[in-house]
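The values are calculated or read from the model by the stated rules, or taken from the named source; none is laboratory data. Note that this is a predicted model, so its numbers are computed, not measured. Ideal geometry is used to build each Cβ from the backbone, glycine not excepted, and the neighbour counts take in all protein chains shown.
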Ligand SMILES: NC(=O)c1ccc[n+]([C@@H]2O[C@H](COP(=O)([O-])OP(=O)(O)OC[C@H]3O[C@@H](n4cnc5c(N)ncnc54)[C@H](OP(=O)(O)O)[C@@H]3O)[C@@H](O)[C@H]2O)c1
């Protein structure tokens, strides 16, 4: 199936590793020009080199801290200067810190708000004029299965990510007249540093399990009986970003091996 992504310009944030990197890799493999952004410049450039090696696409790496509005504005300005427009925004961000309610400070709440919700607002605000000019676009948010079922110990994620989903659903209506689609993708348990360093794995290591045993434990309640791979997300994101997905908007789709069992 030709996804019609050749020559499209995609901005993928938080993309030096993990899920964001997999989304960028899938989009580049389909012929999109990509811009990746995250904080550590060395890791980001290394990732850009890797993607250049496996694709014929232009790949730019622009170090950015998504908590800082001025850095988001500068990022989008550079993309527009270099590529002349943006067709696809994959709005990914690092996960907020773990912690229960009484352990979280005011600053942690504010940082998580900036990173998880306001970065999405600021990115969309910056890319929208270009998408409108191009008479179409794709906005895809990477959220979490926590928007369908809260995850113990991840209060900030549980509280703030539903705001991203509400934003996306509302924008899917507001932006439909411009042929701009807005969708959310929810990772379940995906094998990245975030999962390995998170409470699920670390909690089991603290009880004496090895990392491998902890991961085995975490597959037990997943119907497909495996931890997800970042490319499981990348494949869906490439499809949602494509011309083929032009009639899909306002959806929230989990990629979780069947973990979330709610009907909606
Ligand atoms: N993996 C899972 O099982 C899972 C499940 C549900 C939801 N999620 C969510 O999916 C998203 C991606 O997770 P992942 O597993 O791919 O994590 P990861 O492997 O730890 O990668 C996180 C990425 O975010 C970047 N990042 C972190 N803070 C940033 C900031 N302030 N500004 C810009 N970039 C930043 C990191 O680069 P720098 O550190 O260099 O900035 C890195 O590229 C997260 O929001 C996570 O909570 C993951």
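Here is a check on your reading of the model: is residue 60 buried (at least 24 other Cβ atoms within 10 Å of the Cβ) and either more than 9 Å from the ligand (Cβ to nearest atom) or in a loop (DSSP other than H, G, I, E, B) (or both)? Taking the combined requirement at face value, the residue does not satisfy it.
Here residue 27 fulfils each of the conditions (1) within 9 Å of the ligand (Cβ to nearest atom); (2) in contact with a strand residue (DSSP E or B) (Cβ under 9 Å, 6 or more places away or on another chain); (3) in a helix (DSSP H, G or I) apart from (1). Looking at (1) more than 24 Å from residue 228 (Cα to Cα); (2) surrounded by 17 or more Cβ atoms within 10 Å (Cβ to Cβ); (3) modelled with pLDDT under 95, find the lone condition where residue 87 falls short. Here residue 87 meets the rest and fails (3). Tallying residues that are closer than 30 Å to residue 241 by Cβ and not in a loop (DSSP other than H, G, I, E, B) within segment 183-200 yields 12.
Summed over segment 39-56, residues that are assigned to a loop (DSSP other than H, G, I, E, B), under 18 Å from residue 82 (Cα atoms) and at pLDDT 95 or above total 0.
If I filter segment 137-157 down to residues being without any contact (Cβ under 8 Å) to a residue 60 or more places away in the chain and in contact with a strand residue (DSSP E or B) (Cβ under 9 Å, 6 or more places away or on another chain), which single residue comes out as farthest from the ligand (Cβ to nearest atom)?
As a first pass, look at segment 137-157 and keep what is without any contact (Cβ under 8 Å) to a residue 60 or more places away in the chain: 137, 139, 141, 144, 146, 150-155.
Then drop every residue that is not in contact with a strand residue (DSSP E or B) (Cβ under 9 Å, 6 or more places away or on another chain), which leaves 137, 139, 141, 144, 146, 153-155.
On the way: 137: 21, 139: 16, 141: 10, 144: 3, 146: 7, 153: 13, 154: 8, 155: 13 Å.
My answer is 137.
The C-beta contact set for segment 83-104 (first residue in the same structural domain as residue 185 (by TED's automatic domain parsing) and under 18 Å from residue 16 (Cα atoms), second residue within 13 Å of the ligand (Cβ to nearest atom) and assigned to a loop (DSSP other than H, G, I, E, B), distance under 6 angstrom, 6+ apart or interchain) comprises 92/14; 93/14; 93/66; 94/14. Of all the criteria given as (1) more than 14 Å from the ligand (Cβ to nearest atom); (2) assigned to a helix (DSSP H, G or I); (3) modelled with pLDDT of 95 or more, the one not satisfied by residue 237 is (1). Scanning segment 113-169 for residues that are more than 23 Å from residue 88 (Cβ to Cβ) and outside any helix (DSSP H, G or I) turns up 148, 149, 150, 151, 152, 153, 154.
Residues in segment 187-205: is at least one touching a strand residue (DSSP E or B) at 6+ places or on another chain (Cβ under 8 Å), under 23 Å from residue 98 (Cα atoms), more than 9 Å from the ligand (Cβ to nearest atom) and in contact (Cβ under 8 Å) with a residue 12 or more places away in the chain? Within segment 187-205 (the criterion being touching a strand residue (DSSP E or B) at 6+ places or on another chain (Cβ under 8 Å), under 23 Å from residue 98 (Cα atoms), more than 9 Å from the ligand (Cβ to nearest atom) and in contact (Cβ under 8 Å) with a residue 12 or more places away in the chain), the answer is yes, since at least one residue qualifies. Take the conditions more than 21 Å from residue 242 (Cα to Cα), surrounded by fewer than 22 Cβ atoms within 10 Å (Cβ to Cβ), more than 14 Å from the ligand (Cβ to nearest atom) and without any contact (Cβ under 8 Å) to a residue 40 or more places away in the chain and apply them to residue 65. Does it pass? No, not satisfied. All of (1) at pLDDT 95 or above; (2) surrounded by 15 or more Cβ atoms within 10 Å (Cβ to Cβ) hold for residue 70 with one exception: (2).
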